[in-house]
């Protein structure tokens with residue numbers, strides 16, 4: 001007997017609280033890899049979910065999963081932060097000698113995470129976070145990053161190669 | 001390599017309890033901002049605007065058609081119109097009345113010749129009759145009207161088939177021309193009419209002056225002839241007087257023809273059955289409302305097309321600007337992430 005699944009029988013739309021509960025770690029993990037700063041990642045995750053709550057009525061489950069949608073918002077939030085950081089650094093460089101920050105230091109990350117985060121740029125780190133750590137497939141990663149699946153594969157292989165080189169040096 | 005990947009997955013960062021509590025607390029509150037109208041109509045709902053706009057256009061067209069069921073321009077345009085123009089300086093031409101005008105309108109629009117002056121009066125009437133029986137009766141009555149007014153029939157052409165046509169050329173005394181037009185107009189529905197009035201009084205007066213001059217010249221030649229002393233002189237004067245007499249005869253004939261032209265008016269009557277006249281008879285109120293609605297719809301389509309054509313370059317430029325900005329922003333993001 002064949003059962004046709006109609007729109008009325010489709011899975012009910014989850015509540016925002018359920019989505020938060022399910023994907024908070026994913027969003028935080030992605031932001032932690034991207035920023036290499038747990039404290040900053042927490043701030044950005046908080047901002048991400050504030051935005052998501054405001055935009056929740058626009059979320060359409062048929063267009064993509066809640067995880068992909070949330071990670072897209074997280075990426076936009078992180079990019080805004082990167083831009084503001086870049087502007088701040090430019091202002092500081094113009095005004096005085098900038099304070100030296102140890103980029104390799106990442107508080108609270110495991111040794112492997114530290115290697116991974118120190119080994120690559122933010123662009124490569126986010127591919128590692130999405131494809132390796134969060135185990136998103138190529139299409140979902142491409143949607144989050146706004147690039148083609150082929151570009152995702154290229155960027156991932158480059159990041160893994162660099163990571164391998166770094167691990168070999170260690 | 002696999003070990004590192006496994007370790008990365010095993011030690012993936014977890015959100016702190018404080019962050020979890022903070023976000024979950026915020027999530028339990030209802031969103032402050034409600035979806036705006038644009039949010040609500042976004043995406044697939046925007047597609048509903050197209051049939052809604054089309055429905056509105058149709059409803060407005062029908063509303064205009066029902067409330068203003070005027071005879072459509074198509075009906076008026078299909079009615080024959082007069083084409084000739086009077087070329088004489090003193091000529092007067094009257095434009096044809098609208099199709100399907102009634103006889104009273106024709107009566108007002110078709111004046112007779114001015115009494116006291118010689119005029120050439122030519123009227124052309126195009127009438128529609130119901131069927132071939134009515135065509136035959138109207139033709140017979142037109143001939144009777146001409147005889148009744150003291151005129152005569154110059155030419156009659158009568159033909160019936162799928163469509164019936166009748167062409168009658170009448171001559172009636174000029175002082176009865178107005179009556180003739182009025183009575184002939186009542187034989188059917190006026191499709192077109194044309195009245196040409198050309199003043200002939202001035203040419204007649206000119207001919208009269210020429211005649212008087214020639215008479216005076218003949219009289220003078222006669223006196224000279226009586227006083228002539230030589231045979232050669234007499235022969236020359238006789239020759240001149242003969243020529244003057246010949247010119248006088250020509251002038252008199254010309255004057256008589258002009259006067260005869262002015263005495264009688266020419267009326268050309270064209271009769272056609274409804275099927276043959278080409279004009280669309282006024283339809284029912286529903287038909288006219290539908291015609292009007294279709295007309296309004298056509299205009300709405302034209303306006304929409306014009307707006308689309310006018311807006312297309314702006315939309316293209318806007319899309320190009322938006323696309324360029326998006327591409328530049330993406331490149332900047334890539335550079336930013338590569339350097340962070």
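Rule-based calculations on the coordinates, nothing more; no lab input. Quick caveat: nothing in here was measured; it's all calculated off a predicted structure. Don't worry about glycine lacking a Cβ; one is built from the backbone with ideal geometry, like all the others, and counts go over all protein chains shown.
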Inset, instruction - Run the numbers on the range B:153-270 and let me know its relative contact order in percent, using alpha-carbon pairs under 8 Å that are six or more apart. - result: 43
Inset, instruction - Could you tell me whether the range B:212-340 comes out rounded, prolate or oblate from its Cα gyration tensor? Rule is a ≥ b ≥ c as square roots of the eigenvalues, rounded for a/c under 1.5, then prolate if a/b exceeds b/c, otherwise oblate. - result: oblate
Legend entry - Order of A:70, A:31 - criterion: other Cβ atoms within 10 Å of each residue's Cβ, fewest first: A:70, A:31
Inset, instruction - Would you work out if the range B:107-198 is rounded, prolate or oblate? Take a ≥ b ≥ c from the square roots of the eigenvalues of the alpha-carbon gyration tensor; rounded if a/c is under 1.5, else prolate when a/b is larger than b/c, oblate otherwise. - result: prolate
Legend entry - Residues residue B:50 and residue B:327, FRET efficiency given R0 of 35 Å [Cβ-Cβ distance, rounded to 0.05]: 0.75
Inset, instruction - Work out the FRET efficiency for residue B:22 and residue A:93 from their Cβ-Cβ distance, taking R0 = 30 Å, and round it to the nearest 0.05. - result: 0.30
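So how do A:152, B:302 line up by other beta-carbon neighbours within 10 Å, fewest first?
Listing A:152, B:302 from fewest to most nearby Cβ atoms yields B:302, A:152.
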Legend entry - Spatial separation of Cα centroids for the range B:245-262 and the range B:190-232, in angstrom: 8
Inset, instruction - With a ≥ b ≥ c taken as the square roots of the eigenvalues of the C-alpha gyration tensor of the range A:14-169, please select rounded if a/c is under 1.5 and otherwise prolate if a/b is larger than b/c or oblate if it is not? - result: oblate
Legend entry - Calculated FRET value between residue B:186 and residue B:163, using beta carbons and R₀ = 25 Å, to 0.05: 0.70
Legend entry - Proxy reagent accessibility, fewest Cβ within 10 Å first, across B:121, B:152, A:30, B:158: B:152, B:158, B:121, A:30
